[in-house]
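All remarks here apply to the structure that follows.
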Amino acid sequence: MDENKLGFPSVLAAGVGLIVATSSLMSLGQGTGMIGMSFAIAMVIACAINICSAMSISELNSIMPNLTGGLAQYTLVSMGPFMAIVSMVGGYLFCNIISASVECAMFGNSINSVFHTGVPSNVLCIIMLIAMTAANLKGIDIFAKIQNVVAYSLIGSLIIMGLIGCFKMGTEPAIEQTWSLSQKPSEIMSMVGLAFFLFIGSEYVIPIAKNVKNAKRNLPFGMIASLLVVCVMQLIIMLGMHNYTPWNTLAENSSPHIFYGTSVLGRFGTIWMILVSILAVVSSVNSVISSLSYLCAGMAKIGLLPQAFLKKNKHGAPYVGIFVISGAMMIINILGLSTAKQISFVILVGCVYYMFSYIISNVNVLVFRKRFPKVPRNFKTPCGILIPIIGILGNIFMIIKIDGNPTTRINIYIVCGVVFIVLSVYAFLWIRNVMKKKLFQPFEIKEVMAMEHDLYLIAHKKKNKR
């Protein structure tokens, strides 16, 4: 059985897969263009905060292993069903479907910007989504094979392109410019929220935990390693940008990563970075479709979503979730809602909900430490409760500093508030009328663990009929 499971390289690829997206490459270029190499400080701070959250999530998984609902199941035990639904549906399903739709739009735009296919960009998006949907319907093994090839090709290409820029080996002339555009701590700290987007997604290996070989070691180290690999890669690219792309021009460019490739290697660099963009989109969309479908199945097991999401095909793939998630992305792209102009705002809205979810994860660890101090843990965050507290405070700080423009920041809060209200209404109605539970009544660990077994649903249905 074990030889069919995913090893550390696949875990690392899955972790990297969602982190490195076309929109994150855009955010890297814009952040670097705004404050130069000072952005590296904001980036390292954001990476450190995300590592704290990754360690907290790893500890939660060690207490309740092999669960496919991830954060929802931990929160169900910690805070009850209301917070589980709001944090998961808002922090993961909603934000990732919107963000992945933006990625799809950028895929079509990138293809047509260079190759001029004559095919509408949204049609190219639909073709790519159909291919990713078909691949994920073949099960976790096909997902891993695609992810390994795409993720490692992506990281390798970006590191090589970064090193070419670092050592001034490009075919285009290098430039001379200052290292930093800002030395003010306040300006650097205001960029931590943007830098946060460069490191979200490593926890998406949790829903496939039961398919991972030696999960107690490979999951935490895979998540942390993926964050560190991405951080190093981005630092290398930043050094290359310093040698070839004027800061002001980089900040104003809508596709700074492609601008960098052109500045280093001319037309060849443009095509290279277009291919990198395609790899990034395929990698992130493949991860979203696979991971979210398993998350939906996990949430259905514990009654937070309709049980239709539990249905699987002969390959063991949760096909209802796959069709719903990919279908939602297709609709958004057909309607033309995911345009390049919306990217920055959508990214920051998504970041706030991600940060909220990470805060919940860290709070869960503190609750578990208090309520279940003697429960065995294969992985435990070091330094007592210090790391979860750093994770909580760090994410709160980033929400406060999500954007330097007060008007934009208020608009982000308004959108997040509206989404929160909608999710709260859904959660209230679902919990009261379908689950028939108290909103904030924590579940027992043994009950949530039992829900993972298929026989639980059979027994639960019989109990409700009596």
**Q.** Top positive-direction residue, dipole computed over the chain with Cβ charges, set PRO246, VAL288, LEU275
**A.** VAL288
**Q.** the chain - percent relative contact order, Cα under 8 Å, separation 6 or more
**A.** 34
(Q) Would the range 215-354 count as rounded, prolate or oblate if I go by the C-alpha gyration tensor, calling it rounded below 1.5 in a/c and otherwise prolate when a/b exceeds b/c, oblate otherwise? (A) prolate
Q: Note the angle between two axes, namely the Cα long axis of helix 140-166 and the longest principal axis of the Cα atoms of the chain, as a number of degrees from 0 to 90, rounded to the nearest 10.
A: 30
Q: Would you kindly derive the ³J(HN,Hα) couplings of the range 390-397 from the backbone phi angles with the Karplus curve 6.51 cos²θ - 1.76 cosθ + 1.60 (θ = phi - 60°), listing them in order in whole Hz, with x for Gly and Pro?
A: 4, x, 5, 5, x, 6, 4, 4
(Q) Keeping every protein chain present and rolling a 1.4 Å probe, give me the accessible area per residue for the chain in Å². (A) 40
Q: Using a 1.4 Å probe over the heavy atoms of the protein chains, calculate the carbon and sulfur portion of the accessible area of the chain as a whole percent.
A: 68
Q: For VAL232, VAL448, give the ranking by accessible area with the largest first, probe 1.4 Å.
A: VAL232, VAL448
Q) For the range 278-290, in order, what is each residue's ³J(HN,Hα) by Karplus, 6.51 cos²θ - 1.76 cosθ + 1.60 with θ = phi - 60°, in whole Hz (x at glycine and Pro)? A) 5, 4, 5, 5, 4, 4, 5, 5, 4, 5, 5, 4, 5
**Q.** Amide H contacts of VAL212 (H built 1.01 Å from N, under 5 Å, at least 5 apart or other chain)
**A.** LEU6
(Q) Could you derive backbone 3J(HN,Hα) for the range 193-206 from the dihedral phi with the Karplus parameters 6.51, -1.76 and 1.60 (θ = phi - 60°), listing whole Hz in sequence and x where the residue is Gly or Pro? (A) x, 5, 5, 3, 5, 6, 10, 8, x, 5, 6, 6, 7, 4
Q. Between Rg and the Kirkwood Rh of the range 345-420, both from Cα atoms, what is the Rg to Rh ratio?
A. 1.11
Q. Going highest first, how would you order 355-364, 401-410 by mean Cβ packing within 10 Å?
A. 355-364, 401-410
Q.
Full-extension gain between LEU386 and TYR152, please, as 0.36 nm times their residue separation minus the C-alpha to C-alpha distance.
A. 80.9 nm
Q.
Using 28 Å as the Cα-Cα cut-off, could you pick out the over-long pairs in LYS138/LYS446; LYS312/LYS446; LYS401/LYS437; LYS301/LYS380; LYS213/LYS312; LYS301/LYS438?
A. LYS138/LYS446; LYS401/LYS437
**Q.** For THR262, solvent-accessible area (1.4 Å; no DNA, RNA or ligand), Å²
**A.** 50
Q | Exposure of LEU137 as accessible area (Å², to 10), given a probe of 1.4 Å and all protein chains | A | 40
Q. Helix 95-115: angle to the longest alpha-carbon principal axis of the chain, degrees 0 to 90, nearest 10?
A. 30
Q. Can you list the residues, at least 5 places off or on another chain, whose amide H is less than 5 Å from the amide H of SER180, using H built in the peptide plane?
A. MET37
Q. Whats the longest run of the chain with zero GluC sites (Glu not before Pro) that are DSSP loop and have at most 14 other Cβ atoms within 10 Å?
A. 177-443
**Q.** Tail weight of P(r) past 40 Å, computed on alpha-carbon pairs of the chain, percent
**A.** 16
Q) If you place +1 on the Cβ of every Lys and Arg, -1 on the Cβ of every Asp and Glu, and leave all else neutral, what size is the dipole of the chain about its Cα centre, to the nearest 20 Debye? A) 2120
Q.
Ignoring everything except DSSP H segments at least 4 long, calculate the 222 nm mean residue ellipticity for the chain; use -39,500 (n - 2.57) per segment, divide by total residues, nearest 500.
A. -23500 deg cm²/dmol
(Q) Helix 22-35 against the longest principal axis of the chain: what's the angle in degrees, Cα atoms only, rounded to the nearest 10? (A) 50
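The values are calculated or read from the model by the stated rules, or taken from the named source; none is laboratory data. Every value quoted in this text rests on a predicted model; they were computed, and no experiment measured them. Neighbour counts are summed over all protein chains in view; Cβ atoms, including those assigned to glycine, are modelled from backbone coordinates with ideal geometry. Heads up: the accessible areas ignore ligands, DNA and RNA and are worked out on the full protein's heavy atoms, side chains in. Shrake-Rupley method; radii C 1.70, N 1.55, O 1.52, S 1.80 Å.
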